[in-house]
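One structure below.
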Amino acid sequence: MTAVLAPVPPAPVRDQRPPRSRTRLADHLAGWGFAAPAVVLIGLFGLVPVVWSFVLSLQHTDLTSPGTFAGGENYAKLVADPLFWDAARRTLLYAALFVPLTMALALPIAVLLNQPVRGITLYRMAVFVPLVTSTVATGIVFGWLANPQFGLINALLEGVGLPKQGFFQDPGQALYAVVGMTVWGWLGFAVIIFLAALQNVPEDLVEASALDGCGRLRSFWHVELPQVAPASGFLLVWLTINGLQLFDAVYVTTKGGPLRATTLLVHHLYNEAFVSFDGGYAAAIGCAVFLVVLVFTVVQLRFNRRTSSFEVR
């Protein structure tokens, strides 16, 4: 009589896959590894200067020797400084003109550049070229064009019987001349953003509006324009940030003159830091500019979030 042995069950196969937590940790480490260079650069050239500016704003320093602690004296001086408030008023006026003018001109140009016509790529490139032109070159060209004695613009005005204008050399016109020059320089950027938004409008929506009897203008107003709202929100924030921090165009063309007519906040900061060598007070102005830009950005982002689908995550 032979014994029958029961079959031995196979040994369970162990899962060779690593635990989910270990996989997730490896993914996080890989992600931070790729992002590390950008994080280091942003921290080094973005965060560190902001913190150091706040530290300097609490000191009396000429930027060449060790500073002494000043507490809130620089901020008290800022509040009582009429030149600061004049520069702030001009900066707000500049931004209030620059931002809406740029957007109002860019949208119809983007609509025209969205048409299927021959040579459209050349037209788009021509609109975008001013943005990649250096501010120094732009300032020199506009200085020649608007020169009161031999400028081309005044020659054209004189040719049609109008008086010559001072433009950058006239205290009453200089700020508006800077607005015109910077609108020309940033127009290409705004056009490209609007053009990209228009090209992303679903064709079926436009065709459905046409089938419902909407004309071209009504279709644009009720179908395409709402789809462009996120791009409008982005441009509103981006152009406002750049408008409140304008420096290079003013420095190249007018140096803040004539009679401080174009001295904006950042140019006033430059004068205090590198002309008067009052580094602590200049740093306080920089912190004030940072706060103003931050407030405007937060308010606009909240407004855009309520009125459109534009949202920064």
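Some notes on this structure:
- Qualifying residues in segment 138-176 (those that are hydrophobic (A, V, I, L, M, F, W, C) and touching a residue at least 40 places away in the same chain (Cβ under 8 Å)) - the one most open to solvent (accessible area, probe 1.4 Å): Ile140
- Of all the residues in segment 55-72, those that are open to solvent by 30 Å² or more (accessible area, probe 1.4 Å) and in contact with a Phe, Trp or Tyr (Cβ under 9 Å, 6 or more places away or on another chain) number 6.
- Checked across segment 248-267, the condition of being surrounded by fewer than 16 Cβ atoms within 10 Å (Cβ to Cβ), at pLDDT below 95 and at positive phi holds for at least one residue.
- Some residue of segment 252-265 being of a type outside the set (S, T, N, Q), farther than 26 Å from Tyr176 by Cβ and in a helix (DSSP H, G or I): no
- Among (1) open to solvent by 80 Å² or more (accessible area, probe 1.4 Å); (2) over 21 Å from the mean Cα position of the chain (by Cα); (3) hydrophobic (A, V, I, L, M, F, W, C); (4) closer than 20 Å to Gly180 by Cβ, the one test that Leu105 misses: (2)
- Taking segment 269-313 as the range and being outside any helix (DSSP H, G or I), modelled with pLDDT under 90 and open to solvent by less than 70 Å² (accessible area, probe 1.4 Å) as the test, the residues that pass are Ser308, Phe310.
The values are calculated or read from the model by the stated rules, or taken from the named source; none is laboratory data. None of the values given here were measured: they were computed from a predicted structure. Because the Cβ atoms are built from the backbone with ideal geometry, glycine has one as well, and the counts that use them run over all protein chains shown. Quick note on the areas: whole protein, heavy atoms, side chains included, nothing else; ligands and nucleic acids left out. Shrake-Rupley method; radii C 1.70, N 1.55, O 1.52, S 1.80 Å.
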